[in-house]
Structure formats: structure tokens, C-alpha cells
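Structure, as C-alpha cells:
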Ligand code: ADP
């Protein structure tokens, strides 16, 4: 029979496995047991609706056997098995779950030390075995097939016999080498402790034939007349794992670290989650849940490929891999397991999504997640910051997508950069620190905190001693607009016309000054033409001569945001620019003098001031060479 080749990326991973210097080779057993357990889950699920399976829940089991003479370890299951095509497809290529991520991460880090942090799956067998044989009979088939491979050179599949449905994975353990004691895996004790360590929570029995000792009478008598006894070895089948899924165990028995390990193995994440939420609910619907808030977004999180949802079990039987109805969209980053004995196992997946009991669970879960996030924000700000870095954008977009329907839940989970604190703070923290006199929550938009800090229009607000939220992300300004206010305090852009900081007298004074300078302002407007919608005297400048603001709904940040979207056939939205001049600045005096004495020079000044305003606002100059010519002329 012709040897088949592995797909190229599989071959690379295989080479890595075979030559791995990785110290945690022991995870191979966990991976194979996990596959066996999944296969049993599948057959058990089928058996709920199909009598022909002919198996009771109690019949399912995973067996681990070592043969020291033959140097083999065999992991067997009576799960769903694989057909010839499935053997070819599933074991011939890596395309599943964690494997892809593993691969790309590995390329990033350029080392092999991270093997085992991911679900590397079946291939990990090659870390300890020189040859792997898989004998499998699929449910519904009479015959079986044997898949054999000695590593990256390829594999063969041939028909064979197998009495019962299920899979045997037989590993021929590598010979010991310098510093590599493979023989240890053939020891009963090692296997026993590996099962305990990694697979204890697997809910199907993991059975091993273990050697035990007992005292037996030899038939002879001791000097004192008592029966002489001797130790004798015997073997017995024993279920090694405690079988209670981790989420079913009482909180007191399971540490957070245990939960984190479960998370990493179960959900293929290399990093500890930020937090674990354990729920044991009794009531109209009883359920247990173990939920995790990841620290980092999975590679596909912000793509269409990401599928949210929690794993759903009913009394230990998995009924759905990703049940979307269990988590609201704004918390779609949460991973975890929900187990309820009250859900009907036979319900179809479509109906399940609308199940009333599921809704009860989902509502409870949403509250718990929101509460935990709030707790983190208040009590463990560093962890929350890590979380927010990964998923803050998600929270903001959820708020926008639903037209603010969830804003009550979400607004207190948002963070914005505080100009005063120089770090992200919550809106509540901003509001709590507002002085009595402050009427609005001030914000400024820009590309970066440094750029915003230098914005001329922030000066007046800062002089008042008011903090400013620096909005640097695309969604920020839309979020603030959607919220409108926080508590009773409205949001106010530092670029807006009225900052609410002036007394009526001060306002009247600016109005008067503007009237007085009307001809000059009109001249500047005329010089700049369509480039600006208006030229005004500023209420908000202190040390800078000019700034650029906008009037109307579209701000400069929105203009930039929409320009980036670049929808074809759509006229780009333009912000209406307003040039504000500082009447108490010496430069304004210079402009005025030029206007009175030399109109041509005044025109050049107007252009220069506009250019400066653009630069400070982080907007590219419309005509950079003209600007540079003007600067040169002035310096001459
Ligand atoms: P993963 O478990 O992450 O999907 P693996 O490489 O471990 O990746 O396994 C690939 C696939 O092979 C599994 O998804 C499953 O379909 C199949 N498989 C592996 N082991 C078994 C088994 N013991 N019984 C049935 N199918 C199996």
C-alpha cells in the first residue's frame, strides 16, 4: 500500500514533535485521553436519540495499558471511532482548534518551548513514540482500519479487524537516550500520576490495570503456631480519575490555579485568564458554571471567524460546543462551561437556542460577568487594565452596535485616558473627582495622548483645574456622543464652541471684541476661502495664538474615521473647520498691524496661522510646500 504524505504544515509540526527537546513530553497522555473522551462524548450523544448504539452510559470507558516488554502504551476508548476517510482527514492534517494558533505563535517566538501549552493534540504522541498505530472502528461500520506512522515520513491506512466500535492508539515508546528517560512512561506509577495530574476531571472512567500487593497464607506455620503469611502481587482494574468535572467540584476543593490550568488546557490558551467565575445556582433552573475572562484576545477575536459561546453540558454530557445564547454579545470574549441537569438532552439545537431555561441561565450569567468585571476594575486595576487592553474595543463597539441598549451595563466598564492621572480611568472615577464648580465632563480627541496634551484648546479647561479625558481610539468619540452624559453631567468637547466656562460678562466682552475686529476676521475668512467655514475670536485659548475647531456634528476625528473606512461611491464626510484666533496674543496684534498696513502680508499671516492650526490639530497641511515657502519668506 502506498505511503501517504502529511500535509506540509502537519509535517513541520511533526518534525518538531519528534525532535522536541521539550521537557513536558508527558502531556501526550493528556492529549490522547482528551481525544478519547471527546469520542465517547460523541457516541454518548448519539446514543441519546439512537437505540442502535446499544450502550449504557456506564459502559463507556477509556483504558490505558503499558507493556514493558513490547515497550508500548495503548490508550483505548469505546467512543465513536473513525472511518477510513476520517483517519486520513483527522490524523493526516492539522487544521483544528488550537493547532493553528500553536503554529503561528511558534513562528513568532521561534522556539519550541511552548509545545504543550496549546492543544497540540494527537501529534504529541510522537514526542514519546517512534511509531504510532491507530486502530479504529467507526460507529455504524462493520470493518475497522489501521493507521500507522513512524513520524514525518508519512502514514499508511489498511483495513483490519476490530471487535467493537472505538479506537486504540498504540505507541511504541522511543529508546532511552542521553538525558531522556522514556522508559519512565512505561511505569505504572508514572502513568497513574499523569492521569491524576492532567485528566482527573475527565468524566468517563480512565481504567488501568494496576499491580497491588496482598498478604496470603503460605500454608506453613510460624514458630508460635500462627499461619505464615507472605506478600503476593496481583493485578486489578482500577478507575484512576475521580471523574468529577472540575466545575462540579466544591469551591473549597478547587483552587483558582486549578481552574486556570483547566482553562488553559480546555480552551487552548497559553496565558492564565484574568479571572474565573464559579456559579452554583439553585432555583427555577439549577446549574453550575465555570466562566473565564481571558487576558488576551484570541488571534481571530476581531474577525468574522470568531465564534462566541459557552460549552453546554447536561449532567456531564456535552450537548453543545458553543452555545451562543448563553452569553450576551457584549461579553462574547467569555469562555467557559455551563452544566445543568434541568435541560432536556433530547432537545434539538435550534430549539435549545430559544429555550426558556436557557434564558434564565443566560440572565444570571450576564449579571455575574458584569459584577466580576466591576469588581476587577475596582479591586484589581492591573488585571482589569490587561483585560481592557484586549477587550475594551469590544465593549465600546457593543455599546454602539446596539444603539446604547446596554449602556447601563457597559458604561461603568469603560475606561478612558485621564490627562491628569495619565492612565485609564473609569467615568465614575472622573465624576467622583470633579470639583463642585465643574458642570461638564471634558474630553478631547486626537491620535495620541501627547498630541492632545498639546492641543491649544485644552488650555482653558486645564487652567480651571478640570481633568480632560483623552479620546484616542476610533470608537471613543462615538461612544461619548451615544452616552450623552454620565450621571447628570453632560460630555463636552474641548473643541466645542461653548465650554460653559465663561461668565456672561466675559462672553459679552468676547462678543464685543469680535464685533470690533469684524473686518479683520472677514478678511481672514476671505483669504482662506472654502478651507474654513468660519473665523472667530476664541474663548478658549491662553498661550497659543490659534486653534482649529469644528462646527456642526462632524468633528475632525470623525472625518478621519470615515476617511479610513473609504466606502466607494460615498462622498467623504467633511468636518466644517473653524479657525479660532486668540485676541490677547501678541501674534494677533501683528496680524492686525499687517492688516492695517500691508494687506498682502496680512494674507500670508492668515495662511500661516491656518497652517499652524492644522499642524497642532494633527491634520496634514493641505499645501505643505506653500506653507514652507511662507515660512522661508518670513525668515528672510
Ligand atoms: P483536536 O483534538 O484538537 O481536534 P487532534 O489532532 O488531537 O486535534 O485530533 C484530530 C481529530 O482526530 C479530532 O478532532 C477527532 O476528530 C479525531 N480523533 C482523534 N482521536 C480520536 C479518537 N480517539 N476517537 C475518535 N476520533 C479521534
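What follows is calculated from the coordinates using simple rules that are stated; it is not laboratory data. This structure is a prediction, so every number in the text was calculated from the model and none was measured. Every residue, glycine among them, receives a Cβ derived from its backbone with ideal geometry; neighbour counts consider all protein chains shown.
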The range 246-386: relative contact order from alpha carbon pairs under 8 Å, six or more residues apart, as a whole percent, is 21
Helix 8-18 sits off the longest principal axis of the Cα atoms of the chain, rounded to the nearest 10 on a 0 to 90 degree scale, by 60
Tilt, helix 586-597 to longest principal axis of the chain (alpha-carbon atoms), in degrees rounded to tens, equals 40
Listing 514, 282, 553, 178 by rising number of other beta-carbon atoms within 10 angstrom, fewest first, gives 178, 282, 553, 514
So, relative contact order of the range 191-290 in percent, Cα under 8 Å, 6 or more apart, is 24
Once residue 533 and residue 488 are pulled to full extension, the length gained, defined as 0.36 nm per residue separation minus their Cα-Cα distance, is 12.9 nm
Expected sort for 306-312, 37-43, 624-630 on mean C-beta neighbours within 10 Å, highest first, is 37-43, 306-312, 624-630
With Cα coordinates, the longest principal axis of the chain makes an angle with the long axis of helix 504-516, in degrees rounded to 10, of 60
Rounded to the nearest 5, the percent of DSSP beta bridges in the chain running antiparallel is 80
By Cβ neighbour count within 10 Å, fewest first, 46, 195 rank 46, 195
Reduced to Cα centres, the span from the range 492-545 to the range 184-212 in Å works out to 79
Of all DSSP beta bridges having both residues in the range 535-630, the percent classed as antiparallel (nearest 5) is 65
Rounded to one decimal in Å, the inverse mean reciprocal Cα-Cα distance for the chain, i.e. its Kirkwood radius, is 30.1
Dividing the mean separation of Cα pairs under 8 Å (6+ apart) by the residue count of the chain yields a relative contact order in percent of 8
Protection proxy (average C-beta count within 10 Å per residue), highest first, orders 485-492, 52-59 as 485-492, 52-59
Going fewest to most other Cβ atoms within 10 Å around each Cβ, 458, 284, 239 line up as 284, 239, 458
Across 5 Å bins beginning at 0, the whole-percent shares of Cα-Cα pair distances in the range 502-636 come to 2, 10, 17, 22, 19, 13, 8, 5, 3, 1
So, with points 7 Å from each Cα along the Cβ direction, the residue 252-residue 621 label distance in nm works out to 7.4
Sorted on mean Cβ neighbours within 10 Å (highest first), peptides 123-134, 374-385 come out as 123-134, 374-385
